[in-house]
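Trainee: One structure, pasted below without further comment.
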Amino acid sequence: MHRRKLLAPSFHGRHLHAYEEFMVEETVREAKTWPQGVEFATAPGFMRLTLNIILRTVLGADGEHLDRLRELMPPMADLGVRLTLSPFTDRGRSWGAWARFRRMRREYDTVALDLIDSVRADPKLQEREDVLAMLVQSRYEDGEALANQEIADELLTILGAAHETTANTLTWAVERLTRHPELLDRLVAEVDDGGSDLLAATVLEVQRTRPVITDITRSVVAPTMPLGEWTLPKGHQVVFAIDFVHMDETVFPHPEKFDPDRFVNARPDMYSWIPFGGGTRRCIGAAFANLEMNVVLRTLLQNYEFRTTRAPDEKWKSRGVTWTPARGGRAVVHRRNTAHILPHTAPASMTIRRTSDDVG
Ligand code: HEM
């Protein structure tokens with residue numbers, strides 16, 4: 001909790017605005033690599049995009065360290081997830097998947113610790129706005145600074161937690177929008193007019209109907225804990241089924257209907273809209289992720305036309321910790337003639353303050 005206090009401010013309110021510009025830049029850069037007029041899976045592109053965005057947010061400018069982490073993170077995250085779910089623990093052998101993971105982890109530490117040293121030595125440290133610069137300068141309540149290894153650990157947690165979750169949600173957004181032509185038309189009209197309310201509501205509804213994490217766990221640490229009609233003993237675990245809550249018709253009328261209008265001018269309730277979990281361990285990147293998803297989708301809708309489809313809904317596929325559309329969020333896009341579009345007047349960060357920041 002002490003470290004969380006140092007980490008959380010980087011992802012809140014006033015800092016978010018600083019990240020918006022390069023979120024647009026990265027989206028434009030990624031979308032230029034997409035094929036036009038042919039069907040393709042959007043998931044790999046969103047993975048690249050969200051990794052690049054979080055790397056720039058955390059580490060600041062481009063550079064050699066960032067390039068190395070860009071290569072290292074995807075295979076390390078994939079292997080890490082497989083090992084998390086594996087029944088076998090690390091026996092310290094010099095071969096096999098655990099040994100591979102330990103090698104990757106050592107390489108990560110080498111790159112991250114070298115980077116932290118160079119940030120500490122940066123004469124312009126105080127002017128920097130990236131998360132790493134903030135962590136290097138932050139102090140615990142007793143005035144002690146974070147050790148380099150502690151910072152490296154926190155960075156790894158952020159990089160792991162941030163990119164796949166956001167990428168999968170964006171992939172679901174494409175899957176949902178291409179199956180809802182009327183909504184798509186309204187969204188395009190809204191972004192062309194510089195608005196943002198319906199898009200913000202759409203992001204909330206994508207997360208309600210397709211939460212990419214469906215279970216979170218808590219352990220009972222008190223001698224007993226009352227929960228409804230039960231008394232839970234110490235040591236027991238409680239698993240919250242996020243998707244069950246989101247599909248409860250007493251909470252969300254007609255829960256199976258994909259209906260972003262339910263969130264237009266209505267804040268989601270933090271005890272029932274829970275894609276980011278809840279309580280003291282709620283996702284620290286919630287406001288950041290929602291800003292990012294709004295900025296990415298707005299930029300894509302402004303610049304690309306998405307062809308709608310009558311194909312059946314994509315099924316849910318497990319990637320270990322997260323869920324993603326089984327066919328990778330397939331889409332056909334065309335570049336739009338954008339000469340007539342107004343610059344957006346309501347920054348996505350304003351929209352976010354109205355939603356997730358308030359929720360969290
Ligand atoms: C759509 C994107 C995201 C989703 C759906 C998501 C979801 C979650 C969930 C369900 C948890 C567990 C919460 C709990 O136990 O109550 C969590 C924790 C966490 N998330 Fe996210 N997350 C997303 C994006 C991000 C981003 C962008 C960051 C970093 C910038 C991030 C950083 C973290 C961290 C550090 C934790 C651990 C917090 C703690 O244990 O104190 N997440 N996230």
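The values are calculated or read from the model by the stated rules, or taken from the named source; none is laboratory data. Remember, it's a predicted structure, so these values are computed and weren't measured experimentally. Positions of Cβ are generated from backbone atoms using ideal geometry, with glycine treated the same way; all protein chains shown enter the neighbour counts. To get the accessible areas, we keep the full protein, side chains included, count just its heavy atoms, and leave off ligands, DNA and RNA. Shrake-Rupley method; radii C 1.70, N 1.55, O 1.52, S 1.80 Å.
Trainee: What is the percent carbon and sulfur in the accessible area of segment 2-359, measuring with a 1.4 Å probe over the protein chains and ignoring ligands? If you can, show how the numbers build up before the last one.
Mentor: Details: 9790 of 18020 Å².
Carbon and sulfur together cover 54 percent of it.
Trainee: May I ask for the net charge around VAL38, where only other residues with Cβ less than 12 Å from the Cβ of VAL38 are counted and Lys, Arg are +1 while Asp, Glu are -1?
Mentor: +1
Trainee: If you plug each phi of segment 165-180 into the Karplus form 6.51 cos²θ - 1.76 cosθ + 1.60 with θ = phi - 60°, what whole-Hz ³J(HN,Hα) values come out, in order, with x for Gly and Pro?
Mentor: 4, 5, 4, 5, 5, 5, 5, 5, 4, 5, 4, 6, 5, 5, 9, 10
Trainee: What does the accessible area per residue of the chain come to in Å², with a 1.4 Å probe and no ligands, DNA or RNA counted?
Mentor: With all protein chains present, the chain gives 51 Å² per residue.
Trainee: Net charge near MET76, counting Lys/Arg +1 and Asp/Glu -1 over other residues with Cβ under 13 Å of its Cβ?
Mentor: Local net charge: +3.
Trainee: What number comes out for the charge environment of GLY320, summing +1 per Lys or Arg and -1 per Asp or Glu over other residues with Cβ under 12 Å away?
Mentor: Once positives and negatives cancel, what remains is +1.
Trainee: For a distance above 19 Å, tell me the whole-number percent of Cα pairs in segment 154-299 that qualify.
Mentor: 57
Trainee: In nanometres, what is the gap between the two model label sites at THR157 and ALA99, each 7 Å from Cα along Cα-to-Cβ?
Mentor: 3.1
Trainee: Who wins for biggest fluctuation among VAL221, VAL136, VAL81 in a Gaussian network model of the chain, springs between alpha carbons below 10 Å?
Mentor: VAL221
Trainee: Can you check what the Kirkwood hydrodynamic radius comes to for segment 77-185, Cα pairs only, in Å to one decimal?
Mentor: Over segment 77-185, the inverse of the mean reciprocal pair distance is 17.3 Å.
Trainee: If I stretch the segment between THR231 and HIS12 completely, what's the gain in nm (0.36 nm per residue apart, minus their alpha carbon distance), one decimal?
Mentor: 75.2 nm
Trainee: Rounded to whole Hz and in sequence order, give me ³J(HN,Hα) for segment 105-113 from the Karplus expression 6.51 cos²θ - 1.76 cosθ + 1.60, θ = phi - 60°, writing x for Gly and Pro.
Mentor: The phi angles translate into 5, 5, 5, 4, 4, 4, 5, 5, 5 Hz.
Trainee: Tell me, rounded to the nearest percent, the portion of alpha carbon pairs in the chain spaced more than 36 Å apart. If you can, show how the numbers build up before the last one.
Mentor: On the way: 15242 of 64620 pairs.
More than 36 Å apart: 24 percent of the Cα pairs in the chain.
Trainee: Determine how many Å³ per residue the convex hull of the Cα atoms of segment 1-66 encloses.
Mentor: Dividing the Cα hull volume of segment 1-66 by its residues yields 122 Å³.
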